[in-house]
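Student: First the structure, then my questions, so here it is.
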Amino acid sequence: MADPMPVTDYYVLFFSHTSGMALYEFVRQRGIRVRISPAPRAATSCCGMSLLVEQRELEAVKACIEVSGIEIDKIVLLPRQIDPMRHKFC
Amino acid sequence: MADYRKMWEELGMDLESHDTLCAVLPVAFGDTYLSQENRPENMAFYDFVVSEIHGVRPSELIEHQKKGGKVLGTFCVYVPDEVAVAAGAVVTGLCGGSQFWVPGGEKVLPKNTCSLIKASVGARLDRTCPFFRIADMYIGETTCDGKKKAWEILAEDVPVHVMDLPQMKRPQDYTKWADEIRIFIGVVEKLTGGKVTAESLGAAIRLINNKRRALARVYECRKSEVIPISGKDGLLMTQIAFFDDPARCAEMANKLADELEKRIKDGVSVFPKGTKRILLTGTPLAIPNWKLHHLIETSGAAVVCEEMCTGTRYFEHLVDESQTTLDGQVDALAARYMKNNCACFTPNTGRIDDILRLAREYKADGVINTNLKFCGLYDTESRSVMRALKDAGIPALNIETDYTDTDAEQLRTRIQAFLELLG
Amino acid sequence: MAAIGIDIGSTSAKAVVLDDGGTLVFKCIRPTGWSSAEAADGLRGELASAGFDPAGHACVATGYGRLNVPYAGKLVTEITCHARGAAYLFGEGPFTVIDIGGQDTKIISVAGGRVSDFIMNDKCSAGTGRFLEIMANSMGQSPAALIELARQGSGVSISSLCTVFAESEVISLIGQGKARADIAFGIVESIVDKVCAQCHRAGGSGPFYLTGGLCECPGLLEPLSRRLRSDVNTSPLGRYAGAIGAAVTAGTIGKG
């Protein structure tokens, strides 16, 4: 049996949290579900917020970026970073 | 991405060590918080604050300092924020809640000191937390022996003022605490050059009371049969309240409460019907200590209340707003703060009453009493807490732990067994 | 339909089968080794060759490796299972179960066949099977042989609760030429001390029942009973208590 497709997520990175929050509000007002997440180390060496976007919302979020003209740094594709049973606390 | 490195450098931080913490926070926060389903929308603000935890708020504090303002760092819910605010200072909480800072504290403290003290001292001395760098003065208190000696160590590196908290609740102790508050007023006035007047203190009392009312509204929602918010999210709101601007804190908590009240009306719960409700009592859970909540809530139960400094002890009881003289206001402050029931008091039967009352109010199916390893006061008091719960017929589990990950599986087994016992 | 109970402990893995009437019809035990998944797979093989393929029966897994039993229909903690297993072996209670496990020691109060309260040791290994194993190793003995040897000894006490320090203490006692039986006595007393302290802390009242891998050592039952001033009993099936409790739980699921 082939391995199941690994689940992946997209992280939208920003140069400033002001644009990050602006895009969050813009996207949310259009009923698209995204989450604010600390940018994972696998995506960037900088600290700060990112938007966590699931595969099915990606195109809608991209459209929002285009329409709103809000500046982003880049969108990074990563295997799912979240594991509630990892038991690595801070 | 926003780059705070320049700011951290100017604060004299050890960037290389600090970077280790920056690398693990997204993982821990993702696993603990973003793994949850159907969270209230208004948690987005708190997710944002955590994402920018060492950036946005520190920048605001630095802006305040650039305008000549002062920042006070505090470690305890007995230290009255109102006084600092009235003198024009900004208060920030400084309790360390991460194992990351513990080894730094262990360089100068005995092994058998609790993780909270070790982490707090480590964060300062290792230069790995901006809040610990920014604060112009630390306000300590005499709530345990470990802290009393830790202030002496910290005072070698940063100005520290210690408030002498009485350890009994006789009339003379209320008077003494009022005197300590008057001394504190003098210290803050000297630091800021501002003046604490009946007018400014009155305004500060109303400001902080409003924050308490807002936090209490969210906790009120957690009493509902429909559980509109996870315990983890409730805890996060409280933890961040220690760092945030009090007016914004109230505004955000009120927005969250609006949403939760609507959720209750609509029957929106984040847990399935019949989920066991847990009251967590004991030592504080400083940010980013989310271990117990996570273990409990991923074992199939819900934390509905924290009888902790990072919980009800932070917001219960308001300061009397009707006083118009400075003396009257100081006495009102002393009266409110002395209502808190910390294990450093003897006797401390008020805390037992609180726990039994909260178990009833929050409809708890069981109580988990937790003690931060090496906190002798709460550890000793756990005996009377457990006995009172037993007498009241409330199932209870006692857990001692620290900030490390290594006991997670064992704790999970205990918690699951306790939930099995609840049926 | 028969009910299967699996208990993957840190030292040994156990499986039992109870028939419809609750009679124990099969049991087996094997070392857990380094992989609880492999141990679970081994148990499945033994069950299948005895005619109890887990696929065809209600099956509950417990113990520290319970997550690695893919064929179990439900997972239940060892605390609940030990209490139910003890109730199967010793009656509805009230009584107190002392389970000295490989990794942890549990004191469980049982009433009406159910857990009424419990405590476990902290991260520290003092008073656990692991402590005994390490001490026995440093004396070139098996744990059971060490407990037996201790019955002839006296006069030595091990003061360190920390396993690492206690081991150096044992090595220095060997160096001083102390009699082996006396050192063994000190080791067993140290475990008994710690276990009794836990019993007192739990407020456990007699009668006491010892379960776990060491339950058949008279050299442990006698000092425990002396120090607790109460009978400490056991059963030859005591080491299967967790697995029996899991099977009892599986049986209740089978009946809906």
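The values are calculated or read from the model by the stated rules, or taken from the named source; none is laboratory data. Every value quoted in this text rests on a predicted model; they were computed, and no experiment measured them. Virtual Cβ from ideal backbone geometry, glycine too; neighbours counted across all protein chains shown. Keep in mind that these areas ignore ligands, DNA and RNA; they rest on the heavy atoms of the full protein, side chains included. Shrake-Rupley method; radii C 1.70, N 1.55, O 1.52, S 1.80 Å.
Student: Assuming B:Gly97 fulfils every condition listed in (1) away from chain A (no Cβ under 11 Å); (2) within 20 Å of the chain's Cα centre (by Cα); (3) not in a helix (DSSP H, G or I) apart from one, which condition is it?
Tutor: Tallying (1) away from chain A (no Cβ under 11 Å); (2) within 20 Å of the chain's Cα centre (by Cα); (3) not in a helix (DSSP H, G or I), B:Gly97 fails exactly one: (1).
Student: Exactly one of these conditions fails for B:Ala364: (1) open to solvent by less than 10 Å² (accessible area, probe 1.4 Å); (2) over 30 Å from B:Lys195 (Cα atoms). Give me its number.
Tutor: B:Ala364 satisfies every listed condition except (1).
Student: Among the numbered criteria (1) open to solvent by less than 30 Å² (accessible area, probe 1.4 Å); (2) more than 10 Å from chain B (Cβ to nearest Cβ), which one does A:Ile36 miss?
Tutor: Answer for A:Ile36: the failing condition is (2).
Student: If you don't mind, there's one more thing I want to ask. Answer yes or no as to whether B:Ala359 is out of contact with any strand residue (DSSP E or B) (no Cβ under 6 Å at 6 or more places or on another chain), buried (at least 17 other Cβ atoms within 10 Å of the Cβ) and not hydroxyl-bearing (Ser, Thr, Tyr).
Tutor: Judged against the criteria, B:Ala359 is not a match.
Student: Being among the aliphatic types (A, V, I, L, M), more than 9 Å from every other protein chain (Cβ to nearest Cβ), surrounded by 17 or more Cβ atoms within 10 Å (Cβ to Cβ) and touching a Leu at 6+ places or on another chain (Cβ under 8 Å) narrows it down to one of B:Leu377, B:Leu389, so name that one.
Tutor: On the way: B:Leu377 fails: touching a Leu at 6+ places or on another chain (Cβ under 8 Å).
Unique residue meeting the criteria: B:Leu389.
Student: I would also like to ask the following. Considering the range C:209-232 alone, what residues qualify as being over 21 Å from C:Ser10 (Cβ atoms), open to solvent by 60 Å² or more (accessible area, probe 1.4 Å) and not basic (Lys, Arg)?
Tutor: Scanning the range C:209-232 gives C:Glu222, C:Asp231.
Student: Pairs under 7 Å by beta carbon, first residue among the basic types (Lys, Arg) in the range B:1-25, partner part of a helix (DSSP H, G or I), six or more apart or different chains?
Tutor: Partner pairs satisfying both residue conditions: B:Arg5/B:Leu15.
Student: While we're looking at this one, here's another question. Might you let me know whether the range B:62-80 holds any residue that is within 11 Å of chain A (Cβ to nearest Cβ), surrounded by 17 or more Cβ atoms within 10 Å (Cβ to Cβ) and among the polar types (S, T, N, Q)?
Tutor: Looking for residues that are within 11 Å of chain A (Cβ to nearest Cβ), surrounded by 17 or more Cβ atoms within 10 Å (Cβ to Cβ) and among the polar types (S, T, N, Q), one finds none in the range B:62-80, hence no.
Student: Is it the case that the range B:361-377 has a residue that's over 23 Å from B:Ala286 (Cα atoms) and among the β-branched types (Val, Ile, Thr)?
Tutor: Within the range B:361-377, none of the residues are over 23 Å from B:Ala286 (Cα atoms) and among the β-branched types (Val, Ile, Thr).
Student: With open to solvent by 50 Å² or more (accessible area, probe 1.4 Å) and either away from chain A (no Cβ under 14 Å) or not charged (D, E, K, R) (or both) as the only criterion, which of B:Thr325, B:Thr238, B:Thr298, B:Thr283 stands out?
Tutor: B:Thr325
Student: Spot the failing condition for B:Asp47; the list is (1) free of Cβ contacts under 8 Å to residues at least 60 places away in the same chain; (2) open to solvent by 40 Å² or more (accessible area, probe 1.4 Å); (3) acidic (Asp, Glu); (4) within 9 Å of chain A (Cβ to nearest Cβ), and only one is missed.
Tutor: It fails just one condition, (2).
Student: May I pose another question? Look through B:Ile352, B:Ile368 and report the one residue that is touching a residue at least 24 places away in the same chain (Cβ under 8 Å) and more than 15 Å from B:Leu280 (Cβ to Cβ).
Tutor: Among B:Ile352, B:Ile368, only B:Ile352 is touching a residue at least 24 places away in the same chain (Cβ under 8 Å) and more than 15 Å from B:Leu280 (Cβ to Cβ).
Student: Of these, C:Ala48, C:Ala55, C:Ala72, C:Ala61, which one is in a loop (DSSP other than H, G, I, E, B) and more than 23 Å from C:Cys196 (Cα to Cα)?
Tutor: The unique qualifying residue is C:Ala72.
Student: Also: Anything in the range B:15-36 that is more than 7 Å from chain A (Cβ to nearest Cβ) and farther than 25 Å from B:Gly122 by Cα? List them, or say none.
Tutor: Listed by number, the residues that qualify are B:Tyr33, B:Gln36.
Student: Further question: Does the range A:68-86 contain at least one residue that is in contact with a Phe, Trp or Tyr (Cβ under 8 Å, 6 or more places away or on another chain), loosely packed, with under 13 Cβ neighbours inside 10 Å, in contact (Cβ under 8 Å) with a residue 60 or more places away in the chain and more than 16 Å from B:Phe29 (Cβ to Cβ)? Can you show your working first?
Tutor: Here is the first cut: in the range A:68-86, the ones in contact with a Phe, Trp or Tyr (Cβ under 8 Å, 6 or more places away or on another chain) are A:68, A:70-73, A:75-78.
Imposing the further condition that a residue be loosely packed, with under 13 Cβ neighbours inside 10 Å reduces the set to A:77.
Next, only the ones that are in contact (Cβ under 8 Å) with a residue 60 or more places away in the chain stay: A:77.
In the following step, the residues that additionally are more than 16 Å from B:Phe29 (Cβ to Cβ) were identified as A:77.
Checking the range A:68-86: at least one residue is in contact with a Phe, Trp or Tyr (Cβ under 8 Å, 6 or more places away or on another chain), loosely packed, with under 13 Cβ neighbours inside 10 Å, in contact (Cβ under 8 Å) with a residue 60 or more places away in the chain and more than 16 Å from B:Phe29 (Cβ to Cβ).
Student: Before we move on, is C:Ile100 of a type outside the set (Gly, Ala, Ser), under 22 Å from C:Pro207 (Cα atoms) and either surrounded by fewer than 22 Cβ atoms within 10 Å (Cβ to Cβ) or away from chain B (no Cβ under 14 Å) (or both)?
Tutor: Working: of a type outside the set (Gly, Ala, Ser): yes; under 22 Å from C:Pro207 (Cα atoms): yes; either surrounded by fewer than 22 Cβ atoms within 10 Å (Cβ to Cβ) or away from chain B (no Cβ under 14 Å) (or both): yes.
Here the answer is yes, as C:Ile100 does meet what is asked.
Student: Output the number of residues of the range B:135-171 satisfying the condition of being closer than 18 Å to B:Cys342 by Cα and surrounded by fewer than 16 Cβ atoms within 10 Å (Cβ to Cβ).
Tutor: 7
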